[in-house]
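Trainee: Below: one structure in structure tokens.
The values are calculated or read from the model by the stated rules, or taken from the named source; none is laboratory data. Quantities reported herein were computed from a predicted structural model and do not represent experimental measurements. All Cβ positions, glycine included, derive from the backbone under ideal geometry; neighbour counts span all protein chains shown.
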Amino acid sequence: MSGDDPHVHVTATVPSDDAAVRNVLASTFGLAGDLPGVVTTGCGPRVPYAATSARPDRVACLPCREHARREHLRSADEVERLSGLPGSAISPAQGRLASAPHRDLAGRFSEA
């Protein structure tokens, strides 16, 4: 981990949002786990969690932007694919609605 990296990155686990999960657990059960101090980024190195963002307008690392774009498209495709399976809890139309935010974010990460 280098302390002189000026870029804002995305976590390697994008689109999962550890902070959002932590907030749900805290509001539901009154539990508040600690966020990690250091995380692996989409481009590979480990950096302080505070040096990452899920917002496209804040991510300056180009390899991380490409990683986030690919992962959001993968998530959108997976939601749509699973929604069309027999016995799925959501319809294909609902799957398309659920995948739309991921496709939107993927497009925003493509913009430089």
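Trainee: So if I check each of Gly3, Gly44, which one is modelled with pLDDT under 80 and either surrounded by fewer than 16 Cβ atoms within 10 Å (Cβ to Cβ) or farther than 28 Å from Ala76 by Cα (or both)?
Mentor: Result of the check over Gly3, Gly44: Gly3.
Trainee: Among the residues of region 15-36, is there at least one that is in contact (Cβ under 8 Å) with a residue 60 or more places away in the chain, among the polar types (S, T, N, Q) and surrounded by 12 or more Cβ atoms within 10 Å (Cβ to Cβ)?
Mentor: No, region 15-36 contains no residue that is in contact (Cβ under 8 Å) with a residue 60 or more places away in the chain, among the polar types (S, T, N, Q) and surrounded by 12 or more Cβ atoms within 10 Å (Cβ to Cβ).
Trainee: Suppose the filter is surrounded by 11 or more Cβ atoms within 10 Å (Cβ to Cβ), touching a Leu at 6+ places or on another chain (Cβ under 9 Å) and modelled with pLDDT of 90 or more; does Arg74 pass it?
Mentor: no
Trainee: Would it be correct to say that Val59 is at pLDDT 95 or above, crowded, with 18+ Cβ neighbours inside 10 Å, in contact with a helix residue (DSSP H, G or I) (Cβ under 6 Å, 6 or more places away or on another chain) and under 30 Å from Pro6 (Cα atoms)?
Mentor: Yes: the conditions hold for Val59.
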